[in-house]
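Structure record follows, encoded as structure tokens.
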Amino acid sequence: MRDHGMTLASGVARGDRPAILHHVTAPGQAAAIWQRPRDPGFADWIDGLAPESLPQTRCYCIAARAREVAQAAC
């Protein structure tokens with residue numbers, strides 16, 4: 001794995017409220033997971049997709065670029 005001048009984060013914050021997502025901006029946080037029930041319509045749709053049709057990307061980026069990177073993967 002190449003070092004791009006970033007410190008790799010390893011912390012993961014989990015919670016049942018949307019405010020948990022802000023934790024991803026804290027130093028050392030790799031992810032923030034908002035744990036909530038899936039919408040039944042979305043669950044049926046996503047479960048029906050073939051795994052090979054989903055994007056496969058692994059990268060490291062700063063939080064400010066996460067949206068851009070995720071959109072580029074799709």
For residues that are assigned to a loop (DSSP other than H, G, I, E, B) and over 16 Å from the mean Cα position of the chain (by Cα), scanning just the stretch 39-74, find the one that is nearest to ALA13 (Cα to Cα). ASP39
Consider THR57 carefully, then state whether it is polar (S, T, N, Q) and out of contact with any helix residue (DSSP H, G or I) (no Cβ under 8 Å at 6 or more places or on another chain). no
Conditions (1) of a type in the set (Val, Ile, Thr); (2) exposed (fewer than 11 other Cβ atoms within 10 Å of the Cβ); (3) under 13 Å from the mean Cα position of the chain (by Cα): number failed by THR7: (3)
Within the stretch 1-25, restricting to residues that are out of contact with any helix residue (DSSP H, G or I) (no Cβ under 8 Å at 6 or more places or on another chain) and within 18 Å of ARG67 (Cβ to Cβ), the one that is modelled with the lowest pLDDT is MET6
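The values are calculated or read from the model by the stated rules, or taken from the named source; none is laboratory data. Keep in mind that what you see is a predicted model, and the values were worked out from it rather than measured. Backbone-built Cβ (ideal geometry, glycine too); neighbour counts: all protein chains shown.
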